Amino acid sequence: MAAVVGMLFHNADIEFPGYLSKELGIRFSDVPNGMNGLFSLPLAGLSQIVFAIGFVELAIWPASDYSGDYGTGYGRPFVPNVLEGEELKYKLDMEINQGRAAMMGIMGAMVGEAVTGQTLAEQIASNNLGLFSTLFE
């Protein structure tokens, strides 16, 4: 969900001020919308993104930790009814399934962009919603 919102924010030209790379003179506003923006980054910048994500995935929040406790302290001591047992397992499974649905959403937006050549915001604005476009006419 955050990925789709981020994509829509960037399509609305809401970007960070300043430089992405001061040495190369690339401003955040110079990065094109959509998937083309990813491939316009310098190799060093793209490598930093991949390294940072890999570090978080492997060192800070490993996927093998299915406890739901990320060490933030959220819920304790302010919420007395901390989940345990089957209810905790049910809620964690629900969260994982919603995360999977969100990943399918961003993948759908990316595939739609690759097929149509339009960003998600352009598809919504032009009512180019594929099979569902006739529903909104």
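The values are calculated or read from the model by the stated rules, or taken from the named source; none is laboratory data. Quick caveat: nothing in here was measured; it's all calculated off a predicted structure. Please note: Cβ atoms are built from the backbone with ideal geometry, for glycine as well, and neighbour counts cover all protein chains shown.
Here is a check on your reading of the model: is A102 surrounded by 10 or more Cβ atoms within 10 Å (Cβ to Cβ), among the small types (G, A, S) and modelled with pLDDT of 85 or more? Can you show your working first?
Numbers: surrounded by 10 or more Cβ atoms within 10 Å (Cβ to Cβ): yes; among the small types (G, A, S): yes; modelled with pLDDT of 85 or more: yes.
So A102 fits the description; yes.
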Query raised in the report: Being under 20 Å from the mean Cα position of the chain (by Cα), modelled with pLDDT under 85, hydroxyl-bearing (S, T, Y) and loosely packed, with under 12 Cβ neighbours inside 10 Å, is that true of even one residue in segment 118-131?
Result: no
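So which residues in segment 28-54 are touching a strand residue (DSSP E or B) at 6+ places or on another chain (Cβ under 7 Å) and assigned to a loop (DSSP other than H, G, I, E, B), if there are any at all? Can you show your working first?
First, the residues of segment 28-54 that are touching a strand residue (DSSP E or B) at 6+ places or on another chain (Cβ under 7 Å): 28, 31, 42, 45.
Of everything in segment 28-54, those that are touching a strand residue (DSSP E or B) at 6+ places or on another chain (Cβ under 7 Å) and assigned to a loop (DSSP other than H, G, I, E, B) turn out to be V31, P42.
Among Y90, Y66, Y70, which is among the hydroxyl-bearing types (S, T, Y) and modelled with pLDDT of 70 or more?
Sole residue among the options that is among the hydroxyl-bearing types (S, T, Y) and modelled with pLDDT of 70 or more: Y90.
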Report summary line: Picked from segment 10-27 (must be outside any loop (DSSP other than H, G, I, E, B) and at pLDDT below 85), the residue surrounded by the fewest Cβ atoms within 10 Å (Cβ to Cβ) is S21
Requested in this report: For segment 105-115, name all the residues that are over 15 Å from the mean Cα position of the chain (by Cα) and surrounded by 14 or more Cβ atoms within 10 Å (Cβ to Cβ).
Outcome: G112, E113
